[in-house]
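All of the numbers you see were taken from the coordinates with simple rules; none came from a lab. Quick caveat: nothing in here was measured; it's all calculated off a predicted structure. FYI the Cβ positions are ideal-geometry reconstructions off the backbone, even for glycines, and counts take in every protein chain you see.
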Amino acid sequence: MTPAAPNPPNEAGPDPEPVLVLIKQIKENRLDPALLSAEDRRRCVDVLGAEGYSVPEIAQILKRGERTIYRDRLELRAAHALVVHPQLALQMAGDLVRQAEGSIARLRRIAREPAASAMERSMAEAAAFKVHLDLISKLQSMGYLPRIPTNVVAQVVGATGSEAIATYDQLAQRLEALDLVDRELGVEDSEQRQRRRALGDLLRRARLAAEVEEAYPGPSSAN
């Protein structure tokens, strides 16, 4: 999502000269930057700053004082400010998914390149899978996907006896599968590993409690 450009021109009027054309003409000495309007100058400042030019360099290119360029940058910063609204999170999440899917598609094309070596194809596939895992993790942190503790609560509530034991076993297998994926991809995330280890300990204790409950049901279970 791109914030609105500062001082957008009237849509009913002619389109402004493309900013890259203006910059090219200035660098080729075919346009005197002193003739630029304030709006066109800020457009140039915006693009030149994004290309890595410093304030003194921009001032030299546009033949303006550094204080003028600083003021332009402050106005641009205010114009680019994001306004929080209910759709912002949905839009950012959608853009995240789109970017990740594009990266995965490009990596998969690399993996299918006939000229690529076996190692390059393998690395491309591993990188594509890593992007997919990172996307899942980000969507979880944004609240779009459940985390493992949520699954534990959702799947175990109402389960008793052998049903609960089977559920705990399934969750433990999922934790082991995540560890296997990390090993295959060479991912070293000590925080995630410790978290999964703690969850595994919790699942083992809960499974033991379910076994005890199944073998020695309480009075309420017997009724």
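Summary table below
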read-out: ³J(HN,Hα) computed for each position of the range 44-59 - Karplus, 6.51 cos²θ - 1.76 cosθ + 1.60, integer Hz, glycine/proline x; value: 5, 4, 4, 5, 5, x, 5, 7, x, 6, 7, 4, x, 5, 5, 4
read-out: Computed E for A78/R183 - FRET, C-beta separation, R0 41 angstrom, nearest 0.05; value: 0.25
read-out: Anchor K24: lysines whose Cα lies under 30 Å away (excluding residues fewer than 8 positions away in-chain); value: K63
read-out: Mean shadow area of the range 19-79, taken as a quarter of the surface of its Cα convex hull (nm²); value: 3.6 nm²
read-out: S117-Q140 FRET efficiency (beta carbon distance; Förster radius 41 Å; 0.05 resolution); value: 0.75
read-out: Two-site FRET efficiency, L175 against A126, from Cβ-Cβ distance with R₀ of 30 Å, rounded to 0.05; value: 0.90
read-out: Contour minus Cα-Cα distance for H85 and Q60 (0.36 nm per residue); value: 5.1 nm
